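Below is one structure, written out as C-alpha cells; comments come after it.
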Amino acid sequence: MKILGLIGGISWVSTVDYYKLINEGVNKELGDLNFAECMIYSFNYEDIKRNNEANDWDRTFAMLSKAAEHLQNSGASAILLCASTMHMIADKLQAHIQLPVIHIGTVTADAIQKQNIKKVGLLGTKFTMECDFFTSKLAAKNIEAIIPDSEDREFIHHTIFYELGKNVFLPETKQRYLNIISKLIENGAEGIILGCTEIPLLIRQNDVSVPVFNTTLIHAEAAVQFALDK
C-alpha cells in the first residue's frame with residue numbers, strides 16, 4: 001500500500017472527514033483490519049486565510065510546498081490538498097514537487113463525465129467559484145459550470161469561513177444554500193458540485209433533486225484507488 005500525504009487544517013473540520021473516508025475506503029477494499037497508511041500535515045487555518053485575503057498566494061504556496069516536502073521526505077507517495085480552494089496553487093505545486101498531486105477538480109470532472117452530465121452548478125469559496133483552477137478542469141471534459149449571483153457567492157464564502165469551517169451548521173444557513181441550489185437548477189444545472197470540502201457536512205444528496213457531487217468523498221476515493229494501485 002502506498003503512503004498518502006494529506007495537507008489539512010484548511011479546515012480541520014473537513015480534514016477529519018478526509019481521514020475517516022480514506023480509512024473507510026481502504027477497509028472496504030481490503031477488509032479485516034486493513035486501514036490507510038497516511039500522514040497529515042495540519043495548518044493553522046487563520047494563517048492561510050490571512051494570506052488568501054491579502055491575495056498573497058505566493059506565501060500560501062511557500063507554506064504548502066514546505067509541507068509537501070516534509071511529507072515527501074517522510075515517505076509519502078502522493079499529496080492530497082484537503083481543501084478545494086488550496087487547488088489554486090495545485091498545478092504550481094505539482095511542478096515543484098516530485099510526487100503526484102491528486103487534483104480535486106480533475107477527479108470531480110471524471111465523476112461528472114461518468115454520469116454524462118454537461119452542465120453543473122458550482123458552490124465553494126469565492127476563489128473556487130470565480131477563478132478558473134477548478135472550472136478549467138471541468139471545461140477540459142466539456143462540462144459547463146454555472147455559479148450563483150454575487151450576493152449568494154458572498155453569503156456562501158462568508159459561511160464557509162465563519163460557520164462551516166468552525167463546525168457550526170445552522171438550519172437557516174442550510175435553507176439559504178438549498179434556495180441557491182434551486183436557482184442553479186432553474187438555470188439549467190443538471191448536477192451540483194459541493195466544491196468546498198465543508199459544504200458536504202451541511203448539504204446531502206437527499207436534500208437535492210439532481211445529482212450532488214461531494215468533492216470530499218470523490219477526492220478521498222481517488223486517493224484510496226491511488227494508494228491501492230487501482
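The values are calculated or read from the model by the stated rules, or taken from the named source; none is laboratory data. Keep in mind that this is a model prediction, so the values were computed, not measured. All Cβ positions, glycine included, derive from the backbone under ideal geometry; neighbour counts span all protein chains shown. What goes into the accessible areas is simple: the full protein's heavy atoms, side chains included, and nothing from ligands, DNA or RNA. Shrake-Rupley method; radii C 1.70, N 1.55, O 1.52, S 1.80 Å.
Things to note:
- FRET efficiency for the pair residue 170 and residue 58, taken as 1/(1 + (r/R0)^6) with r the Cβ-Cβ distance and R0 = 30 Å, rounds to 0.30.
- In Å², nearest 10: area of residue 74 left accessible to a 1.4 Å probe: 70
- Whole-percent carbon and sulfur share, accessible surface of the range 7-86, 1.4 Å: 48
- For the chain, built as a Gaussian network whose Cα springs stay under 10 Å, the top-fluctuating residue of 108, 159, 128: 159
- Accessible-area composition of the range 101-230, carbon plus sulfur, in percent [1.4 Å probe]: 47
- With DNA, RNA and ligands ignored, accessible area of residue 118 (1.4 Å probe; Å², nearest 10): 100
- Karplus-derived HN-Hα couplings along the range 66-80 (A = 6.51, B = -1.76, C = 1.60, θ = phi - 60°), whole Hz, x at Gly and Pro: 5, 5, 4, 5, 4, 5, 4, 5, 8, x, 5, 9, 7, 10, 10
- Shape call, the range 22-119: gyration tensor on alpha carbons, a/c limit 1.5: oblate
- With R₀ fixed at 25 Å, the C-beta to C-beta distance from residue 115 to residue 178 puts the FRET efficiency at about 0.75.
- These residues, 149, 58, 207, go from largest to smallest accessible area, 1.4 Å probe, as 58, 149, 207.
- Every helix of 4 or more DSSP H residues in the chain counts as -39500 (n - 2.57), and over all residues that averages to -16000 deg cm²/dmol at 222 nm.
- Couplings for the range 11-22, taken from phi via the Karplus curve 6.51 cos²θ - 1.76 cosθ + 1.60 with θ = phi - 60°, read 9, 5, 4, 6, 4, 4, 5, 4, 4, 5, 5, 5 Hz in order; Gly and Pro are left as x.
- The peptide list 93-106, 33-46, put in order of mean Cβ contacts within 10 Å with the highest first, becomes 93-106, 33-46.
- Cβ-defined net charge surrounding residue 101, 15 Å radius [Lys, Arg +1; Asp, Glu -1]: +2
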